[in-house]
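The values are calculated or read from the model by the stated rules, or taken from the named source; none is laboratory data. On a predicted model such as this, the values are computed, not experimentally measured, just so you know. Methodologically, a virtual Cβ is constructed for each residue, glycine included, from the backbone with ideal geometry; neighbour enumeration extends over all protein chains shown.
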Ligand SMILES: C[S@@+](CC[C@H](N)C(=O)[O-])C[C@H]1O[C@@H](n2cnc3c(N)ncnc32)[C@H](O)[C@@H]1O
């Protein structure tokens, strides 16, 4: 079912519930490992479309030295993130804001990440330009989206590596990626519309695309 050609987002409470499930937990763990590796001490990190804040919560546990910022358009998500139940002791800063007009000056972040959010932005090309604008020289932007064209073999590989039952991974992925994922071609189109160059696109963790821009 679509509404005006778009798939409705799950309600905030339901997303929060899913984000606490075993599949999401495994995914966050992998993204945290990607992020934690190679960031210099004290690096300033922004998570755009942070949702209930799990990614930064787990990253903060792994790397308490980082200066973490989470931003979301939906104040209810930020309210959940601020409760910090999943990130006790976290010193992350949380704010309501729009990916299409980020409330930051130019060249202030060492790392910008947006996971499972770009597909919702009404003008993806504007958001991508914003990510570039706020990135420091030498910094890194990563945009992760579920890879809609993932095949059963990819899902099986993920399930095996994570020691999760294949049906759980299969059904979970198919349910979430229906309408909440992006084809590589969609990302390439947004880059083209923005006149953005310098991004590279890779398949990571079997189930994701990751767009990378080095500042
Ligand atoms: C599917 S959730 C992903 C949350 C989180 N990144 C994660 O991986 O769990 C997408 C989030 O993007 C946020 N979002 C959508 N459009 C946005 C925009 N223009 N600016 C900032 N956040 C936005 C939504 O409010 C939602 O919290």
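Summary of computed values
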item: Some residue of segment 114-126 being away from the ligand (no atom under 12 Å from the Cβ) and in contact with a strand residue (DSSP E or B) (Cβ under 8 Å, 6 or more places away or on another chain); result: no
item: Among the residues listed as 23, 31, the single one being over 16 Å from residue 180 (Cα atoms), in contact (Cβ under 8 Å) with a residue 12 or more places away in the chain and part of a helix (DSSP H, G or I); result: 31
item: Every pair of residues 6+ apart whose Cβ atoms lie under 6 Å, when the first sits in segment 195-215 and is without any contact (Cβ under 8 Å) to a residue 40 or more places away in the chain while the second is part of a strand (DSSP E or B) and surrounded by fewer than 20 Cβ atoms within 10 Å (Cβ to Cβ); result: 200/212
item: Matching residues in segment 27-56 - criterion: being within 11 Å of the ligand (Cβ to nearest atom) and on the phi > 0 side of the Ramachandran plot; result: 49, 51, 53
item: Any hit, segment 173-185, residues being in a helix (DSSP H, G or I) and farther than 19 Å from residue 9 by Cβ; result: yes
item: Criterion: without any contact (Cβ under 8 Å) to a residue 24 or more places away in the chain and surrounded by fewer than 21 Cβ atoms within 10 Å (Cβ to Cβ) - qualifying residue of 151, 107, 157; result: 151
item: Segment 76-85, residues that are within 12 Å of the ligand (Cβ to nearest atom) and free of Cβ contacts under 8 Å to residues at least 60 places away in the same chain; result: 78, 79, 81
item: Residue within segment 153-170 that is farther than 13 Å from residue 27 by Cα and within 16 Å of the ligand (Cβ to nearest atom) present; result: no
item: Matching option when the condition is within 11 Å of the ligand (Cβ to nearest atom) and out of contact with any strand residue (DSSP E or B) (no Cβ under 6 Å at 6 or more places or on another chain), among 59, 102, 73, 95; result: 102
item: Restricting segment 37-66 to residues that are loosely packed, with under 15 Cβ neighbours inside 10 Å and closer than 15 Å to residue 140 by Cβ, the residue that is modelled with the highest pLDDT; result: 40
